[in-house]
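Structure first, commentary second.
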Amino acid sequence: MALELDERITEKLKKLYKSLEEKGELYSREQLSVYYNTFRDRFGPDRLKNLDGEALLNLMHNLGNRDSLVYWLEFKHDDEFPSVEFGSIAGGSAFKFGMFRRKENGQWTIGSPKTPIELTVEQAIEKARQYRDQLIKGVELLEKMPANGTDENYQHLQQEMNRMAPDVSDLSWGHKYFHLLCPEKLDDFHNPDYQRFHLIKLLQLPPQGMGRYIAGGRFVKIAHALNIPMNNLTTLLNERDWSTPYNYWRIGTSTSLSIDGDHWEKDHWGFMRAGNYCAIGWPEVGDLSKVTNDNDGKDTIRQILQSHYPAETPQAIGRIVRQIFSFRFGIEAHDLVLATDGGRVFGVGRVVGDYTFDSSDAGNGPHRRTVEWLSFDEWRLPDPEGSTTAYKLKKELNFLEVEKRILDASPIISPVNSIPDVASPFSTASAATTRVTVAPPRLTGIPARIQAILERKGQVILYGPPGTGKTYWAEHTTRELAARATFNSTFEQLTDEQKAVILGEGSNAYGTVRMCSFHPAYGYEDFLEGFRPEPVDGQMHFILRNGIFKELCLDAQKQPDRKFYLIIDEINRGDIPRIFGELLTVLEKNKRDKAIQLPLTGKPFRVPGNVFVIGTMNTADRSIALLDTALRRRFGFIELMPDIDVLGDAAIGGIPLGPWLKALNERICEFVGRDARNLQIGHSYLLEDEHPLGEYATFVRVVQEDILPLLEEYCYEDYSTLEKILGSGLVDVKKQQIRNELFDISNRDNLIQALLAPAPEITTSTQALSSDAQAIEEEESADDEPGDNA
């Protein structure tokens, strides 16, 4: 039976095909045939049958071998074989290949992230034989399939694959292998979620049943109807539909609340519609911007809710936590939201903004996401599901109806002044906070090292590559040291008034911690003293002004019981001998409080013993070897290098951040050349509010807007070297440019694959495996029971 497509969709696909073909962005049948034959010659059944032992094992499963099957399937991307063009299998750890060799110890491993099992070489060889035999049987099944088969044919194929190739057929790499051997029988969407997503975008309800092969016949029929190769069809669908599936969320529009015995039913839809946002309640939780995307973040929300709703059961609190957490971290840009009340849908919109918190309008849902509304049609979910305020839809019949409603839709922007004038019974009360001061714990780690040098020498310079936390540690440590010296407390325990004493806010114009930044125009007159032009009675006069360091020293002399700190950021960007002048002599610890005569005023000047200086220095600009020798003798130095340990097990899109950064820096050191060690990328680029990045969109912006420009500067006009560092997936050497199209959110999988390709072995790292295990735990602990509305 022929597969019928909506005429509008058919016309769009034909028009898109013509456009991409004219641009040369589609492979011809001849080109595709060359690539398929190249792959078959290397890894087809005939080649695999003739191998055994460690040769078979390494050919099939050694990711460190650039000529192995698993490497070609995931990372090979060059003129010989552009693997990414045949469907991505990026993301996750190396467990997705069934078996892999551990990076740390070379041990062959199977199992799962939660229960890894180590194998001997003999056991690994036997496992490789098992996988090899199943791949061969799977190809035989596909070759027996009728051309343009029916749904029933593909359901039978799924059953047979489950029976004859159970260990490889339900893995993404197994599906990709079978596609490359039989491209006319299978699509190259290697994830069933992607298959079903694209069918729904084509307004096709996917066939019943689960598996990677059930939907294959649908794509075969569509390619046949359009008379184009399968690879061309999936390229069109990725271009048209958004290559990475998005989620569908129902967001409740009404809130129930009882105040002083009165019961309120509040409808927020008018505000959401007019304000171009979706929102949830629970204002008492407060701003979630700095809540971390981990169990600690969930615990923080849970504790706040328990304090406000002590009568609620732990299960009820847990459901609310999951809803709030889903709204904060689960919803992503480009997801669709349905504004609903029960099964009634009032509007469908696309999320276009990050999470925000509006404390000024708590009654209408302070937790918000900006939305482009696409439809204001009112209808009912054909297959009702979910009754909680924030719920991720799961039923495909509902997905299909949503896509029908927004086909050809354009954003509908509501005028701001259309917000309904409705009095709100809600208010947010600020709870009084009791501060308890305890004896501060002793400093450890980097702050302790800084403290030790300051006590010994009086001044220290933190130096290292960009993004290693130099300014952060300077500020953090000086705040802590000043708080302990002045109030015998940690900085976080201080009241706002006490913090003002340290930071110089409000009535305290100058605090005990001050900061300046050196630059080429910075001079002695800015730092110590100098004449500055100033109009007086309409005439320009030169007035003697104290510089920041002299002012700090004078204040320190008046308050000997306090310690004063000056942070000099980017100290190496200034002409240090000119800026410091005669101060270099009296900076030494044993010369503090010794007077020198200032040349401008002729007055004596001393550097008190309670003054401390911390400088920061980016070694990508200048090595410490080039610093003035007299300066180097008077300062202690602490080198801060990239520290992947602070990134822990954090992973985004299957990319383990720590191993990825480590591998990137290793390539910088290998290919950039002289002084490359000082040109590495610091871990701070992958931190936000002192925590590892937790959102894909933020990670992409950091890579594109921070890391890539820095690397382009290091490799100025040398795209061959840049390609060695970043890989051919990200760098187009022929066009001398970065492939910026990968940073479009629709190319998420391709970007992930390109970022992993230069060092695929990091998917076998402990961090990658741990991230996989955590993802499995979270999925297993998900509770979709209905909960109460906010």
* Structure fact -> Over segment 502-519, the set of residues among the aliphatic types (A, V, I, L, M), touching a helix residue (DSSP H, G or I) at 6+ places or on another chain (Cβ under 7 Å) and not in a helix (DSSP H, G or I) is V513
* Structure fact -> Within segment 380-408, the residues that are surrounded by fewer than 16 Cβ atoms within 10 Å (Cβ to Cβ) and not in a helix (DSSP H, G or I) are R380, P382, D383, P384, K394, K395, L407, D408
* Residues (within 16 Å of I324 (Cβ to Cβ) and either free of Cβ contacts under 8 Å to residues at least 40 places away in the same chain or basic (K, R) (or both)) located in segment 359-391 -> R368, R369
* Search segment 392-410 for residues that are touching a residue at least 40 places away in the same chain (Cβ under 8 Å) and pair each with any residue that is aromatic (F, W, Y) and outside any helix (DSSP H, G or I) when their beta-carbon atoms are under 8 Å apart and the residues are at least 6 apart or on different chains. => K392/Y248; K392/W249; L393/Y248; L393/W249; N398/Y248; F399/Y248; V402/Y248; R405/W379
* Among the numbered criteria (1) surrounded by 18 or more Cβ atoms within 10 Å (Cβ to Cβ); (2) modelled with pLDDT of 90 or more; (3) under 30 Å from P692 (Cβ atoms), which single criterion is violated by P229? -> (3)
* **Residue pairs meeting the criteria (Cβ under 9 Å; at least 6 apart or on separate chains; first free of Cβ contacts under 8 Å to residues at least 40 places away in the same chain, in segment 744-760; second assigned to a helix (DSSP H, G or I) and buried (at least 22 other Cβ atoms within 10 Å of the Cβ))** => D744/L751
* Asked: Restricting attention to segment 686-707, does a residue exist that is on the phi < 0 side of the Ramachandran plot, out of contact with any helix residue (DSSP H, G or I) (no Cβ under 8 Å at 6 or more places or on another chain) and part of a loop (DSSP other than H, G, I, E, B)?
  -> no
* Can L199 be described as surrounded by fewer than 20 Cβ atoms within 10 Å (Cβ to Cβ) and not assigned by TED's automatic domain parsing to the domain that holds D335? -> no
* To do: For A94, indicate whether it is more than 20 Å from L730 (Cα to Cα) and either buried (at least 21 other Cβ atoms within 10 Å of the Cβ) or under 27 Å from the mean Cα position of the chain (by Cα) (or both).
  => yes
* Check segment 487-506 and report whether any residue there is under 25 Å from G581 (Cβ atoms), surrounded by fewer than 16 Cβ atoms within 10 Å (Cβ to Cβ) and touching a Lys or Arg at 6+ places or on another chain (Cβ under 7 Å). => no
* Asked: How many residues are exposed (fewer than 13 other Cβ atoms within 10 Å of the Cβ) and in contact (Cβ under 8 Å) with a residue 40 or more places away in the chain when one looks only at segment 284-306?
  -> 2
* Select the strands (runs of 3 or more DSSP E) contained entirely in segment 520-578, then report the ones holding at least 3 residues which are at pLDDT 90 or above and under 22 Å from G636 (Cβ atoms). => 564-569
* Asked: Which condition does G347 not pass, out of (1) outside any loop (DSSP other than H, G, I, E, B); (2) more than 28 Å from D408 (Cβ to Cβ), if it passes all the others?
  -> (2)
* Out of curiosity, is T109 surrounded by 18 or more Cβ atoms within 10 Å (Cβ to Cβ), more than 27 Å from R40 (Cβ to Cβ) and β-branched (V, I, T)? -> yes
* To do: Hey, could you check segment 363-385 for residues that are within 29 Å of the chain's Cα centre (by Cα) and of a type in the set (A, V, I, L, M) and say which is nearest to R405 (Cα to Cα)?
  => L374
* Asked: Which of the residues spanning segment 444-485 are under 14 Å from V613 (Cα atoms) and either in contact with a Cys (Cβ under 8 Å, 6 or more places away or on another chain) or of a type in the set (A, V, I, L, M) (or both)?
  -> I450, A452, I453, L454, V460, I461, L462, A474, L481, A482
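Results for (1) under 27 Å from the mean Cα position of the chain (by Cα); (2) among the hydrophobic types (A, V, I, L, M, F, W, C); (3) farther than 28 Å from T698 by Cβ, shown as yes or no for each residue.
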residue: E588; (1), (2), (3): no, no, yes
residue: K594; (1), (2), (3): no, no, yes
residue: L600; (1), (2), (3): no, yes, yes
residue: F605; (1), (2), (3): no, yes, yes
residue: F612; (1), (2), (3): no, yes, yes
residue: F637; (1), (2), (3): no, yes, yes
residue: D645; (1), (2), (3): yes, no, no
residue: G648; (1), (2), (3): yes, no, no
* Criterion: assigned by TED's automatic domain parsing to the domain that holds L584 and either touching a helix residue (DSSP H, G or I) at 6+ places or on another chain (Cβ under 6 Å) or not aromatic (F, W, Y) (or both) - qualifying residue of A630, A650 -> A630
* **When residues of segment 333-386 are limited to those that are basic (K, R) and in contact with a Gly (Cβ under 7 Å, 6 or more places away or on another chain), the one farthest from G286 (Cα to Cα)** => R380
* Structure fact -> Residues of segment 715-736 being in contact with a helix residue (DSSP H, G or I) (Cβ under 8 Å, 6 or more places away or on another chain) and either buried (at least 18 other Cβ atoms within 10 Å of the Cβ) or basic (K, R) (or both), in sequence order, are C715, T721, L722, K724, I725, L726, G727, G729, L730, V731
* Where in segment 120-215 are there helices (runs of 4 or more DSSP H), lying fully within it, with 1 or more residues that are touching a Cys at 6+ places or on another chain (Cβ under 7 Å), farther than 30 Å from V402 by Cβ and not acidic (D, E)? -> 121-144
* I228 is checked against (1) part of a helix (DSSP H, G or I); (2) touching a residue at least 60 places away in the same chain (Cβ under 8 Å) and fails just one. What number does that condition carry? -> (1)
* Are any residues in segment 727-743 in a helix (DSSP H, G or I) and touching a residue at least 40 places away in the same chain (Cβ under 8 Å), and if so, which ones? -> F743
* Would you say A482 is among the hydrophobic types (A, V, I, L, M, F, W, C), over 31 Å from the mean Cα position of the chain (by Cα), buried (at least 18 other Cβ atoms within 10 Å of the Cβ) and in a helix (DSSP H, G or I)? -> yes
* Quick check: anything in segment 315-333 assigned to a strand (DSSP E or B), crowded, with 18+ Cβ neighbours inside 10 Å and basic (K, R)? -> no
* Looking at (1) over 30 Å from K603 (Cα atoms); (2) assigned to a helix (DSSP H, G or I); (3) out of contact with any Asp or Glu (no Cβ under 8 Å at 6 or more places or on another chain), which is the one condition that is false for K499? -> (3)
* Structure fact -> Of all helices (runs of 4 or more DSSP H) fully inside segment 1-119, the set with 1 or more residues that are of a type in the set (F, W, Y) and touching a residue at least 12 places away in the same chain (Cβ under 8 Å) is 7-22, 29-43, 69-74
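The values are calculated or read from the model by the stated rules, or taken from the named source; none is laboratory data. Bear in mind the structure is a predicted one, so any value in this text is a computation, not a measurement. Note that each Cβ is placed from the backbone with ideal geometry, even for glycine, and that neighbours are counted across all protein chains shown.
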